[in-house]
Amino acid sequence: ILNWQNDVIISDVEITYATGASNALSVTTSKKVSLTRVRVHNSVTGGGGANINNTAGDGNVSITDSEFSDHSNGTGLYIGSNGSITLKNVSAVGNDIDGAYIDNAGAAKAKDVKITDGTFDHNNSDGLRIYSRGEVNLKDITAVGNGDYGMLANNSIMGTDDVILKGTNIFSENTNGG
């Protein structure tokens with residue numbers, strides 16, 4: 001779904017064994033994006049699993065009950081947004097690069113990132129990488145056995161908000177920590 005000028009809502013979709021030069025799932029819009037029960041796994045594309053980009057506007061991104069795993073040539077889930085980003089019950093496991101790469105640091109005003117019940121294990125680079133100007137709120141996150149950091153959250157680029165960890169968070173056996 002490329003260059004869409006309206007909200008994008010995707011639910012109950014499974015994409016497996018995708019091939020080609022791009023991502024298995026690409027969404028480009030200027031509005032909000034919502035994914036529910038989306039499973040993207042085992043791709044051999046040039047770009048990886050899912051690429052969500054709504055930086056042409058300031059819409060929010062919400063992903064619930066979804067999986068982005070086992071992509072042999074890229075990141076499991078990439079989100080570039082100028083809005084708030086919310087993930088609930090999302091996993092990104094066994095990807096060639098990062099499990100999930102989340103970036104809303106380019107927003108004109110600080111926008112939050114909130115992730116609850118996330119699993120980001122056994123990726124070749126970072127399990128979970130976040131760049132934001134707003135508050136980063138993480139609850140019940142697991143990032144184990146990643147090739148770089150389990151979780152890297154940077155909101156100091158242009159922001160002053162906190163990184164908050166709640167619940168039970170497990171960051172272990174990652175090559176460079178966290």
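The values are calculated or read from the model by the stated rules, or taken from the named source; none is laboratory data. Nothing here was measured: the structure is a model prediction, and the numbers come from that model. Don't worry about glycine lacking a Cβ; one is built from the backbone with ideal geometry, like all the others, and counts go over all protein chains shown. Surface areas here come from the heavy atoms of the whole protein model, side chains and all, with no ligands, DNA or RNA. Shrake-Rupley method; radii C 1.70, N 1.55, O 1.52, S 1.80 Å.
Within the stretch 31-55, track down each residue that is open to solvent by less than 10 Å² (accessible area, probe 1.4 Å), more than 18 Å from Asp96 (Cα to Cα) and not in a strand (DSSP E or B).
Asn54, the sole residue that qualifies.
Which of the residues that make up the stretch 1-26 are under 26 Å from Gly57 (Cα atoms), among the acidic types (Asp, Glu) and surrounded by 10 or more Cβ atoms within 10 Å (Cβ to Cβ)?
Across the stretch 1-26, the qualifying residue is only Asp7.
Identify, from the list Ala105, Ala92, the residue that is among the hydrophobic types (A, V, I, L, M, F, W, C) and at pLDDT below 95.
None of the others qualify; the one that does is Ala105.
Give me the residue from the stretch 94-118 that is closer than 12 Å to Leu77 by Cα and open to solvent by less than 50 Å² (accessible area, probe 1.4 Å) and, out of that set, farthest from the chain's Cα centre (by Cα).
Restricting to residues being closer than 12 Å to Leu77 by Cα and open to solvent by less than 50 Å² (accessible area, probe 1.4 Å), the top hit is Gly94.
So for the stretch 136-144 (the condition being touching a residue at least 12 places away in the same chain (Cβ under 8 Å), surrounded by fewer than 21 Cβ atoms within 10 Å (Cβ to Cβ) and part of a loop (DSSP other than H, G, I, E, B)), does at least one residue qualify?
Taking every residue of the stretch 136-144 in turn, none turns out to be touching a residue at least 12 places away in the same chain (Cβ under 8 Å), surrounded by fewer than 21 Cβ atoms within 10 Å (Cβ to Cβ) and part of a loop (DSSP other than H, G, I, E, B).
Can you pull out the residues in the stretch 76-90 that are farther than 13 Å from Ile130 by Cβ and more than 9 Å from the chain's Cα centre (by Cα)?
Residues satisfying the conditions are Asn82, Gly83, Lys88, Asn89.
Does at least one position in the stretch 145-162 carry a residue that is of a type in the set (Asp, Glu) and either surrounded by fewer than 16 Cβ atoms within 10 Å (Cβ to Cβ) or in a strand (DSSP E or B) (or both)? Full working, then the answer.
If we filter the stretch 145-162 for residues that are of a type in the set (Asp, Glu), which is where we start, we get 148, 161-162.
Then drop every residue that is not either surrounded by fewer than 16 Cβ atoms within 10 Å (Cβ to Cβ) or in a strand (DSSP E or B) (or both), which leaves 162.
Within the stretch 145-162, one or more residues are of a type in the set (Asp, Glu) and either surrounded by fewer than 16 Cβ atoms within 10 Å (Cβ to Cβ) or in a strand (DSSP E or B) (or both).
With the structure loaded, tell me whether Asp58 is among the charged types (D, E, K, R) and part of a loop (DSSP other than H, G, I, E, B) or whether it fails that test.
Spelling it out, Asp58 is indeed among the charged types (D, E, K, R) and part of a loop (DSSP other than H, G, I, E, B).
Would you please list the contacts, defined by Cβ atoms under 6 Å and residues six or more apart or on different chains, that run from a residue in the stretch 81-98 that is closer than 20 Å to Asn23 by Cα to a residue that is among the small types (Gly, Ala, Ser) and open to solvent by 10 Å² or more (accessible area, probe 1.4 Å)?
Asp96/Ser72; Ile97/Ser125; Asp98/Ser125
Going by the structure shown, is Ser66 hydroxyl-bearing (Ser, Thr, Tyr), under 10 Å from the mean Cα position of the chain (by Cα) and open to solvent by less than 40 Å² (accessible area, probe 1.4 Å)?
Taking the combined requirement at face value, the residue does not satisfy it.
So which residues in the stretch 119-135 are surrounded by fewer than 23 Cβ atoms within 10 Å (Cβ to Cβ) and part of a strand (DSSP E or B)?
Thr119, Tyr131
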